[in-house]
Amino acid sequence: MNRFTIVTIVLCSLGLSGCISHPQTAEEFRKAVPGAFSGKVETFEVDRPFGQVANTFQKMGPNCLAKTIKMTSQTNTSYQVIVTTYKPTVRVSPKKAELHVQFHHDRGVINVSKEPDGGYYLLVADASPVTQTKTRIDLYRPAIGHAVLVQAVRNWATGENVGCPDLTK
């Protein structure tokens with residue numbers, strides 16, 4: 001490759017990185033997911049009182065998701081170490097419980113856009129009371145990947161399995 005081609009690629013990359021923007025708040029994430037190619041919104045009801053769901057989010061979110069994970073990948077031509085810190089946030093009011101999951105790559109990944117305080121949003125789960133015994137869950141999540149995290153949040157909402165997910169999978 002000649003010098004002109006390399007300079008052109010670098011300048012185009014820098015120009016495109018300015019066009020990419022990630023949601024900076026949970027509300028922006030909620031608005032962006034329905035129209036995103038790699039996003040999905042799930043809505044379902046669980047047969048559990050709102051207070052129980054909110055309590056489970058408050059207990060399990062910080063206990064299970066406030067973690068730093070180190071993963072390595074090796075092929076014949078490369079070796080990569082990625083260190084990711086997950087940050088859960090739980091907010092509870094009388095009418096809504098929110099679980100936000102953010103992540104920040106401490107090592108091994110180059111960011112090309114402005115990262116929100118606390119990291120990029122990965123998942124937002126909103127719980128709201130429907131009746132005294134039913135709770136509605138709106139789950140804003142990736143369409144592909146992070147299946148163990150998504151399943152854990154579903155399980156926490158239903159109360160069926162309140163274990164911690166293995167974030168390395």
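The values are calculated or read from the model by the stated rules, or taken from the named source; none is laboratory data. The shown structure was predicted, so the numbers you read here are calculated from the model rather than taken from an experiment. Ideal geometry is used to build each Cβ from the backbone, glycine not excepted, and the neighbour counts take in all protein chains shown. Protein only, heavy atoms only, side chains kept; ligands, DNA and RNA dropped before computing areas. Shrake-Rupley method; radii C 1.70, N 1.55, O 1.52, S 1.80 Å.
Among V112, Y140, V41, which residue has its Cα positioned farthest towards the positive end of the charge dipole of the chain, with +1 placed on the Cβ of Lys and Arg, -1 on the Cβ of Asp and Glu, and the dipole taken about the Cα centre?
V112
Could you state the accessible area per residue of the chain in Å², with a 1.4 Å probe and every protein chain left in place?
Accessible area per residue: 60 Å².
Once fully extended, how much extra length lies between Q58 and A36, figured as 0.36 nm per residue of separation less the alpha-carbon to alpha-carbon distance?
Gain in length upon complete extension: 5.1 nm.
Using Cα positions and a limit of under 17 Å, work out the aspartates and glutamates in reach of K134, with same-chain residues fewer than 8 apart set aside.
Straight-line reach from K134, under 17 Å: E42, E45, D47, E98, D126, E160.
With θ set to phi - 60°, apply the Karplus curve 6.51 cos²θ - 1.76 cosθ + 1.60 along region 60-77 and write out the HN-Hα couplings as whole Hz, x wherever there is a Gly or Pro.
7, x, x, 5, 9, 10, 7, 9, 10, 10, 10, 10, 10, 9, 9, 10, 5, 10
Return the single residue from E115, E27, E45 with maximal mean-square fluctuation; model: Gaussian network over the chain, springs between Cα atoms under 10 Å.
Residue with maximal mean-square fluctuation among E115, E27, E45: E27.
For the chain, state the average projected area of the convex hull of the C-alpha atoms over all orientations, rounded to one decimal in nm².
11.7
Once you have the alpha carbon radius of gyration of region 25-104, what is it after dividing by 2.2 N^0.38 Å, with N set to its residue count?
Ratio of Rg to 2.2 N^0.38 Å for region 25-104: 1.44.
In whole percent, how big is the carbon plus sulfur part of the accessible area of the chain, probe 1.4 Å, protein atoms only?
55
I need the Debye-formula profile for region 107-169: one equal scatterer per C-alpha, no solvent, reported as log10 I(q)/I(0) at q = 0.13 1/Å, two decimals.
The computed values of log10 I(q)/I(0) come out as -0.48.
Highest mean first, what order results for 151-162, 72-83 on Cβ atoms within 10 Å? Present the calculation step by step, with values, prior to reporting the outcome.
Values: 151-162: 17.9, 72-83: 9.3.
Ranked by mean Cβ neighbours within 10 Å, highest first: 151-162, 72-83.
Relative contact order of the chain: what whole-number percent is it, with Cα pairs under 8 angstrom and at least 6 residues apart?
Relative contact order comes out at 28 percent.
Each residue of region 91-98 in turn: what ³J(HN,Hα) in whole Hz from Karplus with 6.51, -1.76, 1.60 and θ = phi - 60°, glycine and Pro shown as x?
10, 10, 10, x, 10, 7, 10, 10
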